Amino acid sequence: MPSTGARILGVLLYMIPWSDSLNFGNHLYMKYPFTQIIQVPAIPIILIERLIPFGNLLLFLSIFIGLVRNSKISYFLRFNALQSLLINIGIIIASFIFDIIFSPFLNSLIIRTFSSTLLISLFLMIVYCVWSCTQGNEPNLPGISQATKMQL
């Protein structure tokens, strides 16, 4: 059973992909201002990424080198760190696709609907991962968890 500190750190690790996924809900926040409350848990990560030059890259490298590749750290913490980084990589790729391919159609109903659906799906995935961490279990996300286990 993981310690309380490992559980808390596991929860905090999932705020990294959550901070990067918030861009998918920009039009949602304008139409429904009360949805901005979901941004609050990601504020510390956003501040770190914006205040430190290359903060996003430094945060990624420090977690990967300091936690994932450190065999002295518990498996639970290493698993959650790597899984949150893999989720974050997927979100970054999706953001690039939105920026490059869908940028001319940004105000179309289909793109706004897809963007909102993606944000809600990511929100539910992060909530599941956070809940599993607070229970002391490894979140089992198909495909991502298997890739994480193969790397560890």
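The values are calculated or read from the model by the stated rules, or taken from the named source; none is laboratory data. Worth saying up front: this structure is predicted, and the values here are computed from it rather than measured. Cβ sites come from the backbone with ideal geometry, for glycine too, and all protein chains shown count toward neighbours.
Residue-level analysis places residue 71 outside the set of residues that are of a type in the set (Gly, Ala, Ser) and either outside any loop (DSSP other than H, G, I, E, B) or at positive phi (or both).
Could you grab the pairs with beta carbons closer than 9 Å, sequence gap of 6+ or different chains, first residue in the stretch 111-124 and of a type in the set (D, E, K, R), second one buried (at least 17 other Cβ atoms within 10 Å of the Cβ)? From residues that are of a type in the set (D, E, K, R), the pairs are 112/28. Residues of the stretch 16-27 that are touching a residue at least 60 places away in the same chain (Cβ under 8 Å) and surrounded by 18 or more Cβ atoms within 10 Å (Cβ to Cβ): 16, 17, 18, 20, 21, 22, 24, 25. In the stretch 42-65 there is no residue that is touching a residue at least 60 places away in the same chain (Cβ under 8 Å) and surrounded by 13 or more Cβ atoms within 10 Å (Cβ to Cβ). Report yes if some residue within the stretch 76-97 is in contact (Cβ under 8 Å) with a residue 12 or more places away in the chain, surrounded by 13 or more Cβ atoms within 10 Å (Cβ to Cβ) and not in a helix (DSSP H, G or I); otherwise report no. No, the stretch 76-97 contains no residue that is in contact (Cβ under 8 Å) with a residue 12 or more places away in the chain, surrounded by 13 or more Cβ atoms within 10 Å (Cβ to Cβ) and not in a helix (DSSP H, G or I). From (1) of a type in the set (A, V, I, L, M, F, W, C); (2) part of a helix (DSSP H, G or I); (3) at pLDDT 90 or above, pick out the condition that doesn't hold for residue 114. Here residue 114 clears every test but (3). Within the stretch 103-133, take every residue that is β-branched (Val, Ile, Thr) and surrounded by 14 or more Cβ atoms within 10 Å (Cβ to Cβ) and give me the one that is farthest from residue 31 (Cα to Cα). Looking at residues that are β-branched (Val, Ile, Thr) and surrounded by 14 or more Cβ atoms within 10 Å (Cβ to Cβ), I get 130. If the condition is being among the hydrophobic types (A, V, I, L, M, F, W, C), more than 18 Å from residue 39 (Cβ to Cβ) and out of contact with any helix residue (DSSP H, G or I) (no Cβ under 6 Å at 6 or more places or on another chain), then the stretch 122-146 contributes 131, 141.
Can you confirm whether residue 69 is under 30 Å from residue 146 (Cα atoms), of a type in the set (Lys, Arg) and in contact (Cβ under 8 Å) with a residue 60 or more places away in the chain? It is false that residue 69 is under 30 Å from residue 146 (Cα atoms), of a type in the set (Lys, Arg) and in contact (Cβ under 8 Å) with a residue 60 or more places away in the chain.
In this structure, is residue 119 among the hydrophobic types (A, V, I, L, M, F, W, C) and more than 19 Å from residue 38 (Cβ to Cβ)? Walk me through how you get there before you give the answer.
Numbers: among the hydrophobic types (A, V, I, L, M, F, W, C): yes; more than 19 Å from residue 38 (Cβ to Cβ): no.
The answer is no for residue 119.
Among the residues here, residue 97 does not qualify as β-branched (Val, Ile, Thr) and at pLDDT 90 or above.
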